[in-house]
Amino acid sequence: MITCGLSIIIITLNEEARLPRLLDDLLAQSFQDFEIIHVDSQSQDRTVAISKARKHLFSRYQIIEMNDRGVSLGRNTGASAASGRRLLFLDADTRLKTDFLAESVAEVDRAGAGVGIPQMSADGLRWHYRVGFGAFNLGIKASSFVYPTAVGACLFSTPDIHVAIGGFDPDISLCEDCNYVLKAFRLNKQPNRVLQSKFSFDPRRLEQDGFVATGLIYLKANLHRALVGEIRDREIDYPFGHYQ
């Protein structure tokens, strides 16, 4: 049963420092017809305690504590509990401007899109991030017509499409988000849409692993996907939640 316009699924693993910032961003949104489904992957810090302490600030908020870990598992678990007309998958280190939800939902509705792919913002970051993110956004736009890609840290979908494509594939060890939008694209039930809206995120992973090195990993991963197939056996190993 649909109870709201949007189900926001937030996955976490040891995000006590960053989850509150995202929740503050959601409290400040001009669009408030949403529910929050927080799915935690066995955090060892105060992530769940902080979530419970802030739950009362929202009219619709549930917390799911999983017994296992996994990005795809967490997103699928959240989607199975959703009751919104649309889904929005978020990582805890994502940051959203106050009009992000209103503008994004309006744009996907106008386009009749099933999957909405926001672009990345480099506001406040150094010049090489602005150049890199700009190139990445151009790549997302260009590939959307033939072999779409996306960033799972901020991704819109619908319950019907999520079910029809089998959700996020838990057997894929890297680029499960790109596989998700590719499956939706091939389903062709509703078109994918690269949105004008942009989201920010904490560049900690890029800082820790190296901006160029991380970019090369994902370039190699997408070449592997296109030429060989999805990465299911950790041919390119990149662990979830390894950053400090």
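Going by what's in this entry, would Gln42 be described as open to solvent by 50 Å² or more (accessible area, probe 1.4 Å) and part of a loop (DSSP other than H, G, I, E, B)? Full working, then the answer.
Numbers: open to solvent by 50 Å² or more (accessible area, probe 1.4 Å): yes; part of a loop (DSSP other than H, G, I, E, B): yes.
So Gln42 fits the description; yes.
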ask   = What number goes with the only condition from (1) modelled with pLDDT of 95 or more; (2) closer than 22 Å to Thr12 by Cα that Ser173 does not pass?
value = (1)
key: Failed item in (1) more than 23 Å from Ala17 (Cβ to Cβ); (2) touching a residue at least 60 places away in the same chain (Cβ under 8 Å), with Leu88 passing the rest   = (1)
key: Extreme residue, surrounded by the most Cβ atoms within 10 Å (Cβ to Cβ), among residues of segment 175-199 that are more than 20 Å from Ala79 (Cα to Cα) and touching a Phe, Trp or Tyr at 6+ places or on another chain (Cβ under 7 Å)   = Ser197
ask   = What single numbered condition from (1) part of a helix (DSSP H, G or I); (2) crowded, with 16+ Cβ neighbours inside 10 Å fails to hold for Ala106?
value = (2)
request  = Could you please give the count of residues in segment 1-46 that are over 15 Å from Asp93 (Cβ atoms) and of a type in the set (Lys, Arg)?
outcome  = 1
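The values are calculated or read from the model by the stated rules, or taken from the named source; none is laboratory data. Remember, predicted model here, so these are calculated numbers, not experimental data. Virtual Cβ from ideal backbone geometry, glycine too; neighbours counted across all protein chains shown. When the accessible area is computed, the model is the full protein with side chains, heavy atoms only, and any ligands, DNA or RNA have been set aside. Shrake-Rupley method; radii C 1.70, N 1.55, O 1.52, S 1.80 Å.
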